[in-house]
Amino acid sequence: MHWTILGQTSVTFDWRGTENTVSYGTTPGSYTNTVTAINPASPNIPFSSAGPFWEARLTGLSENTLYYYKIGANSEKTFRTPIPRGSSNFSIMAEADIGDHTSYANVTVVQGQIASDPPTFVLVPGDLTYANSHGQSHADIAFNDVMVWSQVAAYMPTWGNHEWDSSGDDLRNYKGRFDLPNQQISPGSPSVSCCGEDWYWFDYGNVRFIAYPEPWSGAWSDWNTKARALMDAAQADPNIAFIVTYGHRPAYSSGHHPGSSTLAGYLDALGAGHSKYVLNLNGHSHNYERTLPQSGVVHITAGGGGSG
């Protein structure tokens, strides 16, 4: 079970199991609303297990409000809607290259570190489960592993190469598990998971977060044009103080995977033209690395999600 931020007054819950309702309210143990979930739409139906898989969009919420919720008869948890636009003082965490605890012992350690001081949300720049390497059951285990934090902190992913570029897994397994804000279509995206959720963007407080897609044919060039417009708007918006991008592939890296000069060219130009653009987060190389500012943008490789 996990949830995503859709906007100031809406979130979406996704889960696997027999229960198909989520009840919520602003008082512990008292639920004034119940939403009946729907199954993910074709073609993006997860196939890691029989499921069933459910998705429930909660709308008409109050911003900056703590809600108490239950999925079916399960125990009560909480979620909080976004703080007012333009405000600050919130925490996020980022991890990529995760996997599951039966394949990599450090997955339990890292997810526990996040859960010990839950952030507002977690950015996860790709390579979520490694089910393509270890088998489909490991996708379910990986999503269960992150439930130590994903029941209270929002899970905001991007896709990595292990979600799509080899046999044994594909993006239906992941697009069908998430409802993403302002979702976008990329040219060249795999046809099996056609037509949406290739990348997305959202505002939280005084920050605009813009995900970037995998390097399908034409995808980064298309993203660059659209991201530039989003950054232009953010640069002119007094409620936005910072712009952050995140995606799986690094523009700069001295790790196992080299940085992409093509991506670096796009991000450098965007940084040079937008003073609010200050941070890029990526994975792919399974290490931690931070650059000095490149055209004003610090690049952080956050590939320490737990996998080898």
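The values are calculated or read from the model by the stated rules, or taken from the named source; none is laboratory data. All values derive from a computational prediction rather than experimental measurement. Because the Cβ atoms are built from the backbone with ideal geometry, glycine has one as well, and the counts that use them run over all protein chains shown. Ligands, DNA and RNA are excluded from the accessible area calculation, which covers all protein heavy atoms including side chains. Shrake-Rupley method; radii C 1.70, N 1.55, O 1.52, S 1.80 Å.
Things worth noting here:
Conditions (1) in contact (Cβ under 8 Å) with a residue 24 or more places away in the chain; (2) closer than 13 Å to Thr21 by Cα; (3) of a type in the set (Phe, Trp, Tyr); (4) touching a Cys at 6+ places or on another chain (Cβ under 9 Å), marked per residue:
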| site | (1), (2), (3), (4) |
| --- | --- |
| Arg57 | yes, yes, no, no |
| Ser62 | yes, no, no, no |
| Leu66 | yes, no, no, no |
| Tyr69 | yes, yes, yes, no |
| Gly72 | yes, yes, no, no |
| Lys77 | yes, no, no, no |
| Thr81 | yes, no, no, no |
| Ser88 | yes, no, no, no |
| Asp97 | yes, no, no, no |
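- Test for Asn64: is it open to solvent by 60 Å² or more (accessible area, probe 1.4 Å), in a loop (DSSP other than H, G, I, E, B), modelled with pLDDT under 95 and over 30 Å from Pro250 (Cβ atoms): no
- The residues of region 105-137 that are assigned to a helix (DSSP H, G or I), in contact (Cβ under 8 Å) with a residue 40 or more places away in the chain, farther than 23 Å from Thr245 by Cβ and open to solvent by 10 Å² or more (accessible area, probe 1.4 Å), listed by number, are Asn106, Thr108, Val109, Ser137.
- The set of residues from region 138-148 being touching a Ser or Thr at 6+ places or on another chain (Cβ under 9 Å) and either surrounded by 21 or more Cβ atoms within 10 Å (Cβ to Cβ) or under 23 Å from Ser166 (Cα atoms) (or both) comprises His138, Ala139, Asp140, Ile141, Ala142, Phe143, Asp145.
- Gly72 vs. criteria surrounded by 13 or more Cβ atoms within 10 Å (Cβ to Cβ) and modelled with pLDDT under 95: yes
- Here the helices (runs of 4 or more DSSP H) wholly within region 158-273 that include at least 2 residues being more than 18 Å from the chain's Cα centre (by Cα) and surrounded by 16 or more Cβ atoms within 10 Å (Cβ to Cβ) are 219-235, 261-273.
- Residues that are polar (S, T, N, Q) and either without any contact (Cβ under 8 Å) to a residue 12 or more places away in the chain or open to solvent by less than 30 Å² (accessible area, probe 1.4 Å) (or both) were ranked within region 274-283; the one that is farthest from Met156 (Cα to Cα) is Asn280.
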